[in-house]
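Peer 1: I have a structure I would like to understand better, so I am pasting it below and will then ask my questions one at a time.
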Amino acid sequence: MGACAISPTLVLLDWADQDTVVGISDTGAVHVSTDGAATWQDSEQLASAIQAMSAQRTPRGDIELLIAGENDVQAVIID
């Protein structure tokens, strides 16, 4: 993951916990901030068009995204 101090342009955004923000750009790139959106890191690249998303921390501490596409819903785990 590459760090970025400038906030990326995001079309979907959700808080996974009080410090962790997850966003998805219009190209399907997932960006994660663990410091309340002060800095961002590139993460996954999603292949399909995303309609909606939800983020949360798992009991293990991973970030789980629930992603709704045009025809399906999928879970993506970010370490």
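Only the coordinates and a few stated rules stand behind these numbers; no lab work does. Only a predicted model underlies this, so the values are computations on that prediction, with no experimental measurement involved. With ideal geometry, Cβ positions are generated from the backbone for all residues, glycine too; neighbour counts draw on all protein chains shown.
Peer 1: Roughly how many debye, to the nearest 20, is the charge dipole of the stretch 1-60 about its Cα centre, given +1 on each Lys and Arg Cβ, -1 on each Asp and Glu Cβ, and no other charges? Walk me through the numbers on the way to the answer.
Peer 2: Working: 2 positive and 7 negative charges, 24 e Å.
Dipole magnitude for the stretch 1-60 comes out near 120 debye.
Peer 1: While we're here: With the contact rule set at Cα under 8 Å and sequence spacing of 6 or more, what percent relative contact order holds for the chain?
Peer 2: 23
Peer 1: Still on this model: Which label belongs to the value computed from this structure, given these candidates for Cα extents along the principal axes in Å: (1) 34, 29, 18; (2) 29, 29, 17; (3) 37, 35, 24?
Peer 2: (1)
Peer 1: Let me ask something additional. For the stretch 35-41, take each phi angle, set θ = phi - 60°, evaluate the Karplus expression 6.51 cos²θ - 1.76 cosθ + 1.60, and give the result in whole Hz per residue in order, putting x for glycine and proline.
Peer 2: After applying 6.51 cos²θ - 1.76 cosθ + 1.60, I find 10, x, 6, 6, 9, 10, 10 Hz.
Peer 1: May I pose another question? R0 = 22 Å: FRET efficiency of Ala38 with Val11, Cβ-based, nearest 0.05?
Peer 2: Using R0 = 22 Å, I get an efficiency of 0.60.
Peer 1: I've got another one for you. Return the sequence-ordered ³J(HN,Hα) values of the stretch 67-78 in whole Hz as given by the Karplus equation 6.51 cos²θ - 1.76 cosθ + 1.60 applied to θ = phi - 60°, using x for Gly and Pro.
Peer 2: Values, residue by residue: 10, 9, x, 5, 10, 7, 10, 9, 9, 10, 9, 10 Hz.
Peer 1: Now a separate question. By the scheme Lys and Arg +1, Asp and Glu -1, what is the net charge of all other residues having a beta-carbon under 14 Å from that of Leu66?
Peer 2: Details: positive: Arg57; negative: Asp14, Glu44, Asp62, Glu64, Asp72.
In short, -4.
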